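Have a look at the structure below before the remarks.
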Amino acid sequence: MDPEKPRHIAFNQTYDDEKPHAIDELEEIGEREGYVLNDVSLVHDRGLKTTADGQTILIPQPSDSPNDPLNWSSFRKHLILIIISCTALLPDYGSGTGAVTLTPQGAEWHMDPNVVNHSQVGNVFMLGVGGPIVVALAAYFGRYPVLFWFILLALATAIWCAAAQSFESFMAARILNGLFSTVAQGGGLMFIKDMFFFHEHARKINIWSGFIILSPYLGPLFAAFITTTQIWQWAFGVYAIETGLCLIAIILFVDETYYDRNNRQLELCPNGPRWQRMLGIQQMQTNYMKNSFKDAVMRPLVIICKPVVILACIYYMLTFAWVVGINTTLSIMLGPIYGFQAKQIGFFYFTPIVAAILGEITGHWLHDLIANVSAQRNGGRLEAEARLWACWVSLPFMVSGLVLMGFALEREYHYMLSALGWGLYVFGTMIVTVAVNSYVLDGYPEASGEVAAWVNFGRILGGFIVSYFMVEWAEKQGTIRQFGTMSGIVGAAFFIALGLQVWGKRMRIWAGPAVFKTA
C-alpha cells in the first residue's frame, strides 16, 4: 500500500467531521495534524485556491474580497512589511545607542557611568514588557491604530531623550521610549500573518527578524561615530529622526491588516478615509475587532500557559540572552584589552552586522529547505516541530563563537579573532530567531501577536538579567570561564528544542488550541 494514502484519507475524514465551511479551516487542521501544501488531488476534490502555478495550496484560503490583505498586491504587502521591519529596528537601535553614551552622560552629570546605566536597564526591561501590552491593545483597538499611536509616542519620548537636561528626566524618557518603541518588534508577527500565506511565512519572518537582529549593532555603530565629533545628544537626535521617518511611512502607506475571513463579518468600509482606521475610529464604530477589553487582556495570558510556548520562550531566552549581555558590556571590555577608542569600537560593530546579514541570506533558503524536506519525509505534511531542525544548524556556530570569543578576550588574541567569535554567535542567533518564531506561529496561528510578544519578552528578559553582572562576572572569573559557561548554557538549552521536537506535538494537542474571538 502506498504509505501516503492513509494520510490522505485521514485528511479527508477530518474534513468530513468539520463544520460546513471547513474549507476555510485548513489552518486549524494543519495546526493539529500538519499542514498539507502540495496535494493536487485535494485541490480538485475541494476546489481549493492555490498559487498561480497550481502547485501550492494557499493557507489560509483567501476570500474573494479585494480588501482581504491576502489579496493585496505583492508590492503593497512588501512595502508594509519593510515599514514594519524598519519600525521593529527602532527599539534595540535606541537601546544600543544608550549603551555608547554612558560615559559622556556620566561626565556631564557628574555621575558614575554604572549608575547612568540604570536608564539603559529600565529601557531594556520595557522592550520586553511592551510586547504583551501591544498585542492586547491591538486585539481590542486594531493593529493599525496601536502601531500609529505607539510610534507617535515613541517619537515624542525619543525627542525627550535628546532634550533631557538631567539624569532623572533622561531616565524617565528612556523607560517610556522602551515601552512605546517596541510595538513592531513585539507585535510585528501579526502583520506578517495577516498579509502572507503559510508557505511564505518563514521568508517574511526572516526579513523582519533580520532588522531586529541588526538593530542592537547599528545603534552603537552610529552612536560611536557621532559621539567622537558631536555631543551625545545628537546620537538620540538621529534616533528621533529615524523614528519620525518610520511614523511618516506608517501614516502614508500602512493600513489595518486584520481581516476575519472565518466569521464572514462586514468589512471596514473600503471607501472610508484611511485616517479613521489609523486613529482607530472606524474599528470602534463598527465593533470590528469583536473582543471585549477582558478578552483582549486575557489573550497573552492564555497563550503563555501553553506548554510549548513557554518552553520555546525559555529556550530562546537562554540562547539569546548573551546577545544583549555582550552588546551592552563589550565596549567596556574592548577599551582596556585593545586600547580601542569610540571610533574603533564603532568599527568593531561591523562584525555582527555582517554576520546578521549572512544569517538572513542563509535563512532565506535554509528554512524553506528544511520545511520541504520534512514534509516529504512526513507524507506531505509539515508539522510545526519541523521548524526546529534549524536549531541543529545554528548550535555549532553559537557554541564555537562564544568559546572563541572568551579565549580571545582573556588571552588578548588579535581583535579579529574576537570579532570572528562574535560573528559566529550572531550568525547562529539569526537562524534560531526565525526558527523559534516560525515554530510558535505554526503551532498557534490564531495567536500570531501573542506568541511573538512572549518570544520577544523571553529574549529581553534574559538580556536584562545578564547585563547586570556581565562585567563583574568577567572580572572575577575571566572571560574564558565566563564565555565557556555561556556556551554551556546554550548547549544545555538545545535539549529544550530537542524535547519540543519529540514531544511538542503531543503537548500542543493536550493543551488544545487558543480559542479566541479573533485570530
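Where a number appears in this text, it was derived from the coordinates with a stated rule and is not lab data. Since the model is a prediction, treat every value here as computed from it, not as a measurement. We place every Cβ from the backbone using ideal geometry, glycine too, and count neighbours over all the protein chains shown.
Can you give the helix-only mean residue ellipticity at 222 nm for the chain, where every DSSP H stretch with n ≥ 4 adds -39500 (n - 2.57) and the sum goes over all residues, rounded to the nearest 500 deg cm²/dmol?
On the way: 21 runs with 393 residues, N = 519.
Theoretical 222 nm ellipticity from helices: -26000 deg cm²/dmol.
How large is ³J(HN,Hα) for each residue in the stretch 102-110, as worked out from phi by the Karplus curve 6.51 cos²θ - 1.76 cosθ + 1.60 (θ = phi - 60°), to whole Hz, x for Gly and Pro?
Here the 3J(HN,Hα) series is 4, 5, x, 5, x, 5, 5, 9, 6 Hz.
List Val36, Val134 from most exposed to least, where exposure is judged by having the fewest other Cβ atoms within 10 Å.
Val36, Val134
At what distance in nm do the modelled label points of Leu498 and Phe253 sit from each other, each positioned 7 Å from its Cα along Cα→Cβ?
My value for the distance between the label points is 4.4 nm.
Once the Cβ-Cβ distance between Gln285 and Ala156 is put in as r, and R0 is 30 Å, what FRET efficiency do you end up with, to the nearest 0.05?
For Gln285 and Ala156, the calculated efficiency is 0.65.
Rounded to the nearest Å, what's the spacing between the alpha carbon centres of the stretch 145-206 and the stretch 312-352? Just the number, please.
22
Would you give the gap between the C-alpha center of the stretch 72-124 and the C-alpha center of the stretch 270-304, rounded to a whole Å?
Spelled out, the Cα-based centre of one part sits 28 Å from the other.
If R₀ is 41 angstrom, what is the calculated FRET efficiency for the pair Ala163 and Val515, using the beta carbon separation as r and rounding to 0.05?
Working: r = 47 Å, r/R0 = 1.15.
Here the calculated transfer efficiency is 0.30.
Under 5 Å between amide hydrogens, which residues at least 5 positions from Thr56 or on another chain qualify, with H placed 1.01 Å from N in the peptide plane?
Thr51
Across the stretch 300-311, in residue order, what do the Karplus-derived ³J(HN,Hα) couplings come to in whole Hz, using 6.51 cos²θ - 1.76 cosθ + 1.60 with θ = phi - 60° and x for Gly and Pro?
Computed from phi, the couplings for the stretch 300-311 are x, 5, 5, 6, 6, 7, 6, x, 5, 5, 5, 5 Hz.
Pick the calculated Cα extents along the principal axes in Å for this structure from (1) 104, 65, 56; (2) 72, 54, 38; (3) 67, 51, 42?
Checked against the structure: label (2).
Distance from the Cα centre of the stretch 449-519 to that of the stretch 219-241, in angstrom?
Here the two parts' Cα centres lie 32 Å apart.
Charges only on Cβ, +1 for Lys and Arg, -1 for Asp and Glu: so what's the dipole of the chain about the Cα centre, in debye to the nearest 20? Intermediate values should be presented prior to the final figure.
Working: 33 positive and 39 negative charges, 68 e Å.
Using only the charged Cβ atoms, the result is roughly 320 debye.
Output ³J(HN,Hα) for the stretch 189-204: one whole-Hz value per residue in order, computed from phi by the Karplus curve 6.51 cos²θ - 1.76 cosθ + 1.60 with θ = phi - 60°, and x for Gly and Pro.
5, 4, 5, 5, 5, 5, 9, 10, 7, 3, 5, 9, 4, 4, 5, 6
Name the long-range amide H neighbours of Phe340: under 5 Å, sequence gap of 5 or more, or other chain; modelled H, no Pro or chain starts.
Gly335
Fewest to most neighbouring Cβ within 10 Å: what's the order for Asp255, Asp92, Asp39, Asp53? Show your work: numbers first, answer last.
Details: Asp255 16, Asp92 30, Asp39 20, Asp53 6.
Placing the least packed residue first, the sequence is Asp53, Asp255, Asp39, Asp92.
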